[in-house]
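Participant: The structure's right below; bear with me while I get my questions together.
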Amino acid sequence: MIELAPSILSADFARLGEQVRAACEGGANVIHVDIMDGHFVPNLTIGPPVVKSLRKVTDLPLDCHLMIENPDEFIPAFAEAGADWISVHQEACRHLNRTLHLIKSQDCMAGVVINPATPVEALAEVLDVVEYVLVMSVNPGFGGQKFIPSTLHKMRQLAEIRSQRGLTYRIEVDGGVGLDTVGDVVRAGAEILVAGNAVFGHGDPKKNTVELLRAATEAAALKV
Ligand code: DX5
Ligand code: ZN
């Protein structure tokens, strides 16, 4: 099943509740929350208090994408604030297995993320631990960047490994997903589609969500 996860990074933060509600009305399945610390990525965003406020606005799962160093220090605070899913970067974790188990111990779904320059092979030992794998299709840090097509093969590879090894993780994609690229990522095997600029960057978030979901569902139907 294809799910759309609007990223609030491109939303108007002064009208965050309203914008998230609009995306929900359009059929969003998950709300993607980008957490940046100015160290792991060259930008700063939000922390647990905003997650706590979002929790009051929607019942959809809150997917917290941690682009931070030392994520172990903050995972309990995000879980406490109401995160349902928490993902960490392979590149940011010295003890990745321990960090993923910490997420699970907080009753959250655990995800692992790889940057465009990181191969799927780096995840071999944790694919049976995670509930989802997030393939970055831009270098993380900013919304509205151009999709990097060379990341598509990693979605295909993850789908192949999953069936070979009989695993159950879901495949998520993040960065540059819009009407022009949604077909490609769905055909490559992505199932959870993060979209920031394409949902909140222009026009009506509700309408944008409906259109993106329609395009994604059409591509998925043709794939089978
Ligand atoms: C990038 C973030 C993304 C970002 C995607 O570092 O992880 O979630 O919001 O934005 P778009 O869809 O605009 O590329
Ligand atoms: Zn993200």
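The values are calculated or read from the model by the stated rules, or taken from the named source; none is laboratory data. As the structure is a computational prediction, the values presented were derived from the model and not from experiment. Note that we place each Cβ from the backbone using ideal geometry, even for glycine, and neighbour counts take in every protein chain shown.
Participant: Can you tell me which residue among VAL185, VAL173 is touching a strand residue (DSSP E or B) at 6+ places or on another chain (Cβ under 9 Å) and touching a residue at least 40 places away in the same chain (Cβ under 8 Å)?
Facilitator: On the way: VAL173 fails: touching a residue at least 40 places away in the same chain (Cβ under 8 Å).
Checking each option against the conditions leaves just VAL185.
Participant: Limited to the range 128-148, what total is found for residues that are within 12 Å of ligand 2 (Cβ to nearest atom) and out of contact with any strand residue (DSSP E or B) (no Cβ under 6 Å at 6 or more places or on another chain)?
Facilitator: Our first condition is that a residue be within 12 Å of ligand 2 (Cβ to nearest atom); within the range 128-148, this holds for 134-143, 145.
The next check asks that each one be out of contact with any strand residue (DSSP E or B) (no Cβ under 6 Å at 6 or more places or on another chain); those that pass are 138-139, 141-143, 145.
So the answer is 6.
Participant: If the requirement is being out of contact with any Phe, Trp or Tyr (no Cβ under 7 Å at 6 or more places or on another chain), within 16 Å of ligand 2 (Cβ to nearest atom) and either modelled with pLDDT of 95 or more or outside any loop (DSSP other than H, G, I, E, B) (or both), which of these qualifies: VAL20, VAL51?
Facilitator: Numbers: VAL51 fails: out of contact with any Phe, Trp or Tyr (no Cβ under 7 Å at 6 or more places or on another chain).
Being out of contact with any Phe, Trp or Tyr (no Cβ under 7 Å at 6 or more places or on another chain), within 16 Å of ligand 2 (Cβ to nearest atom) and either modelled with pLDDT of 95 or more or outside any loop (DSSP other than H, G, I, E, B) (or both) holds for just one of VAL20, VAL51, which is VAL20.
Participant: Output yes when any residue across the range 201-214 is touching an Asp or Glu at 6+ places or on another chain (Cβ under 7 Å) and in a strand (DSSP E or B), and no when none is. Let's see the steps before the verdict.
Facilitator: Taking the range 201-214 as the starting set, the residues that turn out to be touching an Asp or Glu at 6+ places or on another chain (Cβ under 7 Å) are 206.
Still in the running and in a strand (DSSP E or B): none.
No, the conditions are met nowhere in the range 201-214.
Participant: Starting from the range 105-125, take each residue that is free of Cβ contacts under 8 Å to residues at least 24 places away in the same chain and closer than 19 Å to ARG170 by Cβ and list its partners that are among the aliphatic types (A, V, I, L, M) and part of a helix (DSSP H, G or I), counting only C-beta distances under 9 angstrom and pairs at least six apart or across chains.
Facilitator: Listed pairs, sorted by first residue: ALA124/ILE161.
Participant: Could I ask something else about it? Among the residues of the range 62-77 satisfying the criterion of being of a type outside the set (Asp, Glu) and within 15 Å of ligand 1 (Cβ to nearest atom), which is surrounded by the most Cβ atoms within 10 Å (Cβ to Cβ)?
Facilitator: It comes out as CYS64.
Participant: List pairs: first residue in the range 1-24 and without any contact (Cβ under 8 Å) to a residue 40 or more places away in the chain, second residue more than 14 Å from ligand 1 (Cβ to nearest atom) and of a type in the set (Lys, Arg) anywhere in the structure, Cβ distance under 9 angstrom, at least six positions apart or on different chains.
Facilitator: Close Cβ pairs satisfying both conditions: ARG21/LYS206; CYS24/LYS206.
Participant: Can you tell me which residues in the range 78-96 are in a helix (DSSP H, G or I) and within 14 Å of ligand 1 (Cβ to nearest atom)?
Facilitator: Taking the range 78-96 and keeping what is in a helix (DSSP H, G or I), we get 78-81, 90-92, 96.
Answer for the range 78-96, where residues must be in a helix (DSSP H, G or I) and within 14 Å of ligand 1 (Cβ to nearest atom): GLU91, ALA92.
Participant: Mind telling me which of the residues ARG165, ARG170 ends up being basic (Lys, Arg), closer than 24 Å to ILE8 by Cα and more than 16 Å from ligand 1 (Cβ to nearest atom)?
Facilitator: Numbers: ARG165 fails: closer than 24 Å to ILE8 by Cα.
It is ARG170.
Participant: Further, regarding this structure: Out of curiosity, is PRO6 in a helix (DSSP H, G or I) and either away from ligand 2 (no atom under 15 Å from the Cβ) or within 18 Å of the chain's Cα centre (by Cα) (or both)? Full working, then the answer.
Facilitator: Details: in a helix (DSSP H, G or I): no; either away from ligand 2 (no atom under 15 Å from the Cβ) or within 18 Å of the chain's Cα centre (by Cα) (or both): yes.
The answer is no for PRO6.
Participant: Further question: With respect to VAL33, determine if the residue is assigned to a helix (DSSP H, G or I), free of Cβ contacts under 8 Å to residues at least 60 places away in the same chain and of a type in the set (A, V, I, L, M, F, W, C).
Facilitator: On the way: assigned to a helix (DSSP H, G or I): no; free of Cβ contacts under 8 Å to residues at least 60 places away in the same chain: yes; of a type in the set (A, V, I, L, M, F, W, C): yes.
It is false that VAL33 is assigned to a helix (DSSP H, G or I), free of Cβ contacts under 8 Å to residues at least 60 places away in the same chain and of a type in the set (A, V, I, L, M, F, W, C).
Participant: Return the residue satisfying two criteria in turn: it lies in the range 176-200 and is of a type outside the set (D, E, K, R) and assigned to a loop (DSSP other than H, G, I, E, B), and of such residues it is nearest to ligand 2 (Cβ to nearest atom).
Facilitator: First, the residues of the range 176-200 that are of a type outside the set (D, E, K, R): 176-179, 181-183, 185-186, 188-190, 192-200.
Checking the rest, the ones that are also assigned to a loop (DSSP other than H, G, I, E, B) come to 176-179, 181, 189-190, 196.
On the way: GLY176: 11, VAL177: 11, GLY178: 15, LEU179: 19, THR181: 15, GLY189: 18, ALA190: 13, GLY196: 8 Å.
Among them, the one singled out is GLY196.
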